[in-house]
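Enquirer: Next up is a structure, given as structure tokens.
The values are calculated or read from the model by the stated rules, or taken from the named source; none is laboratory data. Quick caveat: nothing in here was measured; it's all calculated off a predicted structure. Neighbour counts run over all protein chains shown; Cβ positions are idealised from the backbone, glycine included.
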Ligand SMILES: [Zn+2]
């Protein structure tokens, strides 16, 4: 491999480590977020625009925690399923799913993002398990969801190389 290798991203031209098909991590993360939050190809689910804005802002800072979140979080996958199958995501839609921990977590995020109305009965059951869910996620990802969940997460030190190692980059 010579010194003339072109390290610029095929999509945005930014010089960065290409992670997939010659594209930089930011580009890959943006594509995955858009795919996750869409009802179909190129069609963003209208309810999920606030969440998309939040994630794109985070990607501009550092795409790796968002990639990690997309890869790992069960509620992210569930959100993707719901976006593709429900024109409107409601409490009733979530209530109809088999009760799983990540459903409660998804509900908390949607409520705190203003996407779903708050229901008082959901609050008490949210707090005890949320720190457990957040534990193990990169600090910057926790910083995304913590304000929305309205709780204090563990104070932890997470260094970027550790995140990248777990991502396999
Ligand atoms: Zn790029």
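Enquirer: Suppose the filter is loosely packed, with under 13 Cβ neighbours inside 10 Å and either within 30 Å of residue 119 (Cα to Cα) or in contact (Cβ under 8 Å) with a residue 60 or more places away in the chain (or both); does residue 61 pass it?
Expert: Working: loosely packed, with under 13 Cβ neighbours inside 10 Å: yes; either within 30 Å of residue 119 (Cα to Cα) or in contact (Cβ under 8 Å) with a residue 60 or more places away in the chain (or both): yes.
The answer is yes for residue 61.
Enquirer: If you go through region 93-109, how many residues are in contact (Cβ under 8 Å) with a residue 24 or more places away in the chain and assigned to a helix (DSSP H, G or I)? Spell out how you get there, then give the answer.
Expert: Filtering region 93-109 for residues in contact (Cβ under 8 Å) with a residue 24 or more places away in the chain gives 100-106, 108-109.
Now restrict to residues that are assigned to a helix (DSSP H, G or I): 101-106, 108-109.
Total satisfying the criteria: 8.
Enquirer: Quick test of your reading of the structure: residue 43 fulfils all but one of (1) surrounded by 12 or more Cβ atoms within 10 Å (Cβ to Cβ); (2) away from the ligand (no atom under 16 Å from the Cβ); (3) modelled with pLDDT under 85; (4) over 17 Å from the mean Cα position of the chain (by Cα). Name the failing condition by number.
Expert: With respect to (1) surrounded by 12 or more Cβ atoms within 10 Å (Cβ to Cβ); (2) away from the ligand (no atom under 16 Å from the Cβ); (3) modelled with pLDDT under 85; (4) over 17 Å from the mean Cα position of the chain (by Cα), residue 43 is out only on (3).
Enquirer: Next question. Just one of (1) at pLDDT 90 or above; (2) in a helix (DSSP H, G or I); (3) out of contact with any strand residue (DSSP E or B) (no Cβ under 9 Å at 6 or more places or on another chain) trips up residue 52, so point out which.
Expert: Failing condition for residue 52: (3).
Enquirer: Next question, about the same structure. Of the residues 82, 55, which single one is within 13 Å of the chain's Cα centre (by Cα) and buried (at least 17 other Cβ atoms within 10 Å of the Cβ)? Can you show your working first?
Expert: On the way: 82 fails: within 13 Å of the chain's Cα centre (by Cα).
Just a single option satisfies the conditions, and that option is 55.
Enquirer: State which residue is nearest to the ligand (Cβ to nearest atom) when the search covers only region 1-27 and only residues that are in a helix (DSSP H, G or I) and touching a helix residue (DSSP H, G or I) at 6+ places or on another chain (Cβ under 7 Å). Steps first, answer last, please.
Expert: So in region 1-27, the residues in a helix (DSSP H, G or I) come out as 25-27.
Okay, now just the ones that are also touching a helix residue (DSSP H, G or I) at 6+ places or on another chain (Cβ under 7 Å), so 25-26.
Details: 25: 8, 26: 5 Å.
Taking the candidates together, the pick is 26.
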